[in-house]
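Okay, so here's the structure we're looking at.
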Amino acid sequence: MITKEDKKYLKMLDRMEPKSPCKRAKIAAIIVKNGKILVKAVNHPYKFYNLKKLGCLRTKLKIKSGTRREVGCGLCAEQYAIAEAARKGIALKGATIYISKHPCRICEGFIVETGIKRVVYQEGYPDPVPSIDILEGGKVKIEQDTESAEIKKTPKSKLHT
């Protein structure tokens, strides 16, 4: 059940998303534990790539969302947030991660392995193998804020309700 506190973090995501330089999808992630924000991040290319010069590899190669996550010049917001927590020595076990879109399969694995116990997301994301649910297998609670998804008018391609 989405709480008033959850709504506060989801609104923060909406303010963070425009900060992403990604041309395809502006995604934000916030990891919270015991009411304290541990880390925040947006998806973006690695700092050593100039996207203005290089362009979007995924667009150039006509790669559909939800597929071939290994092709790109950066990381997902969730991956940057988890990496920042690791750099700072912050344990994520038992935390909640708030994300603009349902995590991709790679991020699902990172979420399970870090011990994050709850995912709250706004919009769906295409899953190439929906019959194998990594988050469910890792006993991670998944909740979608359907109000946010409806407001953004994005198709819900992967729902965990």
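The values are calculated or read from the model by the stated rules, or taken from the named source; none is laboratory data. Here the structure is a predicted model, which is why all the values come from computation and not from measurement. Methodologically, a virtual Cβ is constructed for each residue, glycine included, from the backbone with ideal geometry; neighbour enumeration extends over all protein chains shown. These area figures cover heavy atoms from the full protein model, side chains too; ligands, DNA and RNA do not enter into them. Shrake-Rupley method; radii C 1.70, N 1.55, O 1.52, S 1.80 Å.
Where in the chain is the longest stretch that carries no trypsin sites (Lys or Arg not before Pro) classed as loop by DSSP and with at most 15 other Cβ atoms within 10 Å? Excluding the exposed sites themselves, the longest stretch runs over 94-138. Considering only alpha-carbon pairs that sit under 8 angstrom and 6 or more positions apart, the relative contact order computed for the stretch 5-138 is 25 percent. Using 0.36 nm per residue and subtracting the Cα-Cα separation, the extra length available between Ala86 and Glu147 on full extension is 18.7 nm. Simple spin-label estimate for Thr3 and Leu54 gives 4.0 nm between the two label positions (7 Å along the Cα-to-Cβ direction from each Cα). Measuring only protein heavy atoms, the 1.4 Å probe finds Cys104 accessible over about 10 Å². For the stretch 1-107, which whole percent of the accessible surface, found with a 1.4 angstrom probe, sits on carbon and sulfur atoms? After summing per-atom areas, the C and S share lands at 57 percent.
Working from Cα pairs under 8 Å separated by at least six residues, relative contact order for the stretch 1-63 is 23 percent.
Taken as Cα centroids, the stretch 22-42 and the stretch 79-142 sit 11 Å apart, rounded to the nearest whole angstrom. When the pairs Lys7/Lys40; Lys19/Lys101; Lys7/Lys88; Lys4/Lys88; Lys26/Lys139; Lys26/Lys52 are compared against a 25 Å limit on Cα-Cα distance, Lys7/Lys88; Lys4/Lys88; Lys26/Lys139 fall above it.
Ordered by 1.4 Å accessible area with all protein chains kept, His102, His44 run largest first as His44, His102.
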